[in-house]
1. Taking TYR96 and the conditions (1) of a type in the set (Phe, Trp, Tyr); (2) within 19 Å of TYR144 (Cα to Cα); (3) away from the ligand (no atom under 16 Å from the Cβ), which numbered condition does it fall short on, given that it satisfies the others?
2. Cβ-Cβ distance below 9 Å, separation of 6 or more or different chains: which pairs start in segment 197-210 with a residue that is at positive phi and free of Cβ contacts under 8 Å to residues at least 24 places away in the same chain and end on one that is assigned to a loop (DSSP other than H, G, I, E, B) and surrounded by fewer than 24 Cβ atoms within 10 Å (Cβ to Cβ)?
3. Quick check, is ALA91 touching a residue at least 60 places away in the same chain (Cβ under 8 Å), of a type in the set (A, V, I, L, M) and out of contact with any Lys or Arg (no Cβ under 7 Å at 6 or more places or on another chain)?
4. Please work out which residue is farthest from the ligand (Cβ to nearest atom), limiting yourself to segment 45-76 and to residues that are surrounded by fewer than 18 Cβ atoms within 10 Å (Cβ to Cβ) and over 17 Å from TYR314 (Cα atoms).
5. Within segment 148-170, is even one residue more than 21 Å from ASN301 (Cβ to Cβ), of a type in the set (Ser, Thr, Tyr), at pLDDT 95 or above and touching a Ser or Thr at 6+ places or on another chain (Cβ under 7 Å)?
6. Tell me whether segment 324-347 contains one or more residues that are at pLDDT 95 or above, of a type in the set (A, V, I, L, M), over 22 Å from LEU250 (Cβ atoms) and within 17 Å of the chain's Cα centre (by Cα).
7. Kindly establish whether ALA276 is within 15 Å of the ligand (Cβ to nearest atom), of a type in the set (Gly, Ala, Ser), within 20 Å of THR196 (Cβ to Cβ) and surrounded by 16 or more Cβ atoms within 10 Å (Cβ to Cβ).
8. How many residues does segment 170-182 hold that are in contact (Cβ under 8 Å) with a residue 40 or more places away in the chain and either surrounded by fewer than 22 Cβ atoms within 10 Å (Cβ to Cβ) or away from the ligand (no atom under 15 Å from the Cβ) (or both)?
Amino acid sequence: MIERILNKKSLSKSDIIELLKCNATDSQKLFEKSALVKAENVGNKVYYRGLIEFSNICEKDCYYCGIRQSNKNFKRYNLSDKDILDAARFAYRENYGSIALQSGELNHPAFTQRIEKLLKAIKALSDHKLGITISLGEQSKETYQKWLNAGADRYLLRIETSNPDLYYKIHPQNQKHNHEQRIECIQTLRELGYQTGTGIMIGLPFQSYDDLANDLIFMKNMDIDMCGMGPFIEHSDTPLYQYKNKLLSLEERFLLSLKTIAVLRLMMPDINIAAATALQAIDPKGREKAIQIGANVLIPNITPGIYRDNYNLYHNKPQTKQSDSDYKNHLEKSLADYGNTVEYGECGNSLHFKKRLNLNR
Ligand code: 5AD
């Protein structure tokens with residue numbers, strides 16, 4: 001009886017596992033409940049973050065990722081400051097409310113300074129109205145502090161998996177890839193005052209239901225403000241591709257991702273949950289479906305078109321051939337079909353974050 005679990009105030013690990021494993025009829029009940037919890041807590045609204053993937057140059061070597069350092073089969077790029085600022089201006093003009101700056105992971109003073117300068121410039125060009133999420137990997141506390149001072153509002157650092165054993169199956173085990181350090185970074189971001197987000201990949205080789213339940217409990221215990229999580233999609237130029245025959249089917253990974261989002265919404269009703277782009281790589285309406293059952297943030301790609309093809313984290317990464325304004329109209333209509341309204345001009349801060357700030361006053 002899934003109703004028994006859905007009516008509980010707090011979910012145990014075995015409840016979570018049961019929900020993640022539930023059959024088609026029960027998953028509809030789960031989705032109805034998570035949609036209701038979303039509507040009651042954060043409303044049927046979607047906040048945009050215009051995504052600028054400004055460079056695919058990366059010092060890391062994650063076994064799943066197409067832009068890992070050891071992959072030489074594609075072109076590296078690095079947008080000029082002008083291109084980045086133009087993209088931010090576009091987001092501001094189009095009332096996106098927020099942008100997300102993302103790149104491969106780099107760790108040196110020139111990079112830190114560049115980001116600092118860009119953050120200040122983006123705040124200035126938008127009259128300090130455009131919200132900024134950054135997703136630039138593991139950095140020192142000093143760097144995080146500098147970027148916060150320069151105007152960053154939110155930081156997304158996915159834990160990828162909360163299980164250290166699984167972490168080292170999908171990353172090299174060395175100084176640059178350290179699970180404990182990653183957790184410490186998330187804690188530091190939160191202590192410094194960022195709206196802090198994390199997330200995982202769903203359907204990784206060797207991942208169990210137990211792992212996924214632990215991941216959700218990890219997010220709850222870390223008291224995160226936002227989450228971005230989506231299906232793992234194999235990339236042929238990466239080491240994990242060798243396990244492609246051991247994976248769930250793409251459809252199963254998609255459904256499991258929706259269930260994971262729905263369960264997180266039940267567990268953390270007032271956080272921001274992003275509808276990850278990887279969902280769209282499996283189903284053209286994947287992000288809308290995630291929004292319908294619990295997510296409330298969408299990240300339209302506004303990276304200048306000529307570079308988009310080269311930010312290939314995984315295969316089938318969606319590319320649009322439409323102009324940006326046609327795409328904007330299309331997406332707005334599509335989200336309306338799934339019962340949600342785009343909140344233009346709103347920076348869309350996490351309600352959870354606002355509440356915990358008030359509590360600490
Ligand atoms: N499939 C799905 N998501 C991926 N990411 C990287 N590679 C893949 C892949 N093959 C995700 C990781 C990372 C984010 C930038 O993209 O979770 O944190």
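The values are calculated or read from the model by the stated rules, or taken from the named source; none is laboratory data. This is a predicted model, so every value here is computed, not measured. Methodologically, a virtual Cβ is constructed for each residue, glycine included, from the backbone with ideal geometry; neighbour enumeration extends over all protein chains shown.
1. Against the list (1) of a type in the set (Phe, Trp, Tyr); (2) within 19 Å of TYR144 (Cα to Cα); (3) away from the ligand (no atom under 16 Å from the Cβ), TYR96 comes up short only on (2).
2. none
3. Numbers: touching a residue at least 60 places away in the same chain (Cβ under 8 Å): yes; of a type in the set (A, V, I, L, M): yes; out of contact with any Lys or Arg (no Cβ under 7 Å at 6 or more places or on another chain): yes.
Taking the combined requirement at face value, the residue satisfies it.
4. The selected residue is LYS45.
5. Going through segment 148-170, the residues more than 21 Å from ASN301 (Cβ to Cβ) turn out to be 148-151, 159-170.
Among the residues that remain, those that are also of a type in the set (Ser, Thr, Tyr) are: 161-162, 167-168.
With the extra rule that they be at pLDDT 95 or above, the set shrinks to 161-162, 167-168.
When the remaining residues are screened for being touching a Ser or Thr at 6+ places or on another chain (Cβ under 7 Å), the result is 167.
Scanning segment 148-170, I find at least one residue that is more than 21 Å from ASN301 (Cβ to Cβ), of a type in the set (Ser, Thr, Tyr), at pLDDT 95 or above and touching a Ser or Thr at 6+ places or on another chain (Cβ under 7 Å), so the answer is yes.
6. no
7. Working: within 15 Å of the ligand (Cβ to nearest atom): yes; of a type in the set (Gly, Ala, Ser): yes; within 20 Å of THR196 (Cβ to Cβ): yes; surrounded by 16 or more Cβ atoms within 10 Å (Cβ to Cβ): yes.
Criteria met by ALA276.
8. Going through segment 170-182, the residues in contact (Cβ under 8 Å) with a residue 40 or more places away in the chain turn out to be 170-172, 176-177, 181-182.
Applying the additional criterion that residues be either surrounded by fewer than 22 Cβ atoms within 10 Å (Cβ to Cβ) or away from the ligand (no atom under 15 Å from the Cβ) (or both) yields 172, 176-177, 181-182.
Going through segment 170-182 one residue at a time, the tally reaches 5.
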